[in-house]
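Shown next, in C-alpha cells, is the structure this report addresses.
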Amino acid sequence: MIGYISQRLTGEVTIMSSDRDYLQLVSDKVTVYSPTKKKFYDHDLVLTEFGVSPNNFLTQKILLGDSGDNVPGVKGLGSKTMLKHFPELAKDDLITLDDILQRCEGKQKILESIKNFEFQLRINQRLMDLKNPNIPEEALEEINNVLLNPFKVYDSQKFLTLYHEDELGNSIQNVQSWLFNHFHNLQKYK
C-alpha cells in the first residue's frame with residue numbers, strides 16, 4: 001500500500017523504512033529514509049550503493065531474489081555478474097524482466113539460467129513489485145478516501161495505541177522517546 005500511496009500523493013514523499021524493497025519507489029518526488037543507516041536514498045545514492053537506477057531496482061531484485069523475504073534468485077547470479085551482462089540497468093531507462101529474458105535467448109550459460117528460471121522470476125515480480133500492488137477494490141476506495149481527506153491533527157496517543165495493537169514490537173527503538181522527540185514534527189506536514 002505504501003507504493004500505491006506514494007505514487008498518488010502530490011508533492012515530495014519520504015518513506016521511512018530500513019527495508020530495501022522500497023528503493024524501487026525512489027523517484028524525483030519519492031525518497032526513502034533508512035533509520036538504521038541514517039541515510040536518505042535518492043536516485044544518486046541508490047545508483048552509487050547498488051549499481052542500478054531506481055527505475056531498475058525491481059528488475060535487479062527479481063533476478064537476485066531476496067533471502068530476507070525467502071524469495072529465490074537465479075542460481076549463480078550475483079550483482080557483479082548481473083551488471084556485467086546487463087550494464088544498462090545502471091541507466092534511467094526502464095529495463096523490464098521481459099527485456100532481460102529477451103536478451104538471454106541463445107546466450108551464455110548464466111543467461112540460459114535466467115531464461116530457465118523464468119517461472120520463478122515471474123512469481124518474484126508479482127511478490128516484489130510495490131508500484132503495481134494487488135490491492136482489493138474496497139481497500140483502494142478507503143485509501144483514496146484518506147488521500148482526498150487527509151488528517152488534520154496528528155494524535156500521538158492514538159498512534160501509540162495503534163502501534164501496540166498492530167504488534168509492531170521494537171520497530172521503533174524506545175517508542176515513547178521517539179514520540180516525544182519526533183512526532184511533533186509531523187505537524188509541519190499538515
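Things worth noting here:
- Put simply, the amide H of Val71, placed in the peptide plane, has neighbours under 5 Å in Asp66, leaving out anything fewer than 5 places away on its chain.
- Residue order for Phe119, Phe159, fewest other beta carbons within 10 angstrom first, comes to Phe119, Phe159.
- Most mobile listed residue (Gly11, Gly78, Gly169) in the chain, GNM with C-alpha springs under 10 Å: Gly169
- Here the Gaussian network model covers the chain, with springs between Cα atoms less than 10 Å apart; of Leu130, Leu140, Leu148, Leu148 fluctuates the most.
- Remark on the chain: ratio of C-alpha radius of gyration to 2.2 N^0.38 Å is 1.18.
- Backbone HN-Hα couplings from phi across segment 83-92 [Karplus 6.51/-1.76/1.60, Hz, Gly and Pro as x]: 5, 5, 7, 9, x, 5, 5, 7, 7, 6
- Amide H to amide H distances under 5 Å link Val30 with Val13, where only residues 5 or more positions off or on other chains count and H is placed in the peptide plane.
- Computed from the Cα positions only, the extents of segment 45-131 along the three principal axes stand at 33, 25, 20 Å, in decreasing order.
- When the helices of the chain are scored as -39500 (n - 2.57) per DSSP H run of n ≥ 4 and the total is divided over every residue, the value at 222 nm lands at -12500 deg cm²/dmol.
- Span from the segment 111-144 Cα centroid across to the segment 1-76 one, whole angstrom: 15
- Residues whose amide H comes within less than 5 Å of that of Met16, counting only those at least five positions distant or on another chain, are Tyr33 (H built at 1.01 Å from N in the peptide plane).
- With 22 Å as the limit on Cα-Cα distance, the pairs of Lys75/Lys109; Lys84/Lys109; Lys75/Lys131; Lys29/Lys80; Lys37/Lys61; Lys29/Lys84 that go past it are Lys75/Lys131; Lys29/Lys80; Lys29/Lys84.
- Dimensionless Rg over Rh [segment 37-76; C-alpha; Kirkwood]: 1.03
- Sorted fewest first by neighbouring Cβ atoms within 10 angstrom, Ser6, Ser177, Ser27 come out as Ser177, Ser27, Ser6.
FYI, it's all coordinate maths here, none of it is from the lab. Every value quoted in this text rests on a predicted model; they were computed, and no experiment measured them. Note that we place each Cβ from the backbone using ideal geometry, even for glycine, and neighbour counts take in every protein chain shown.
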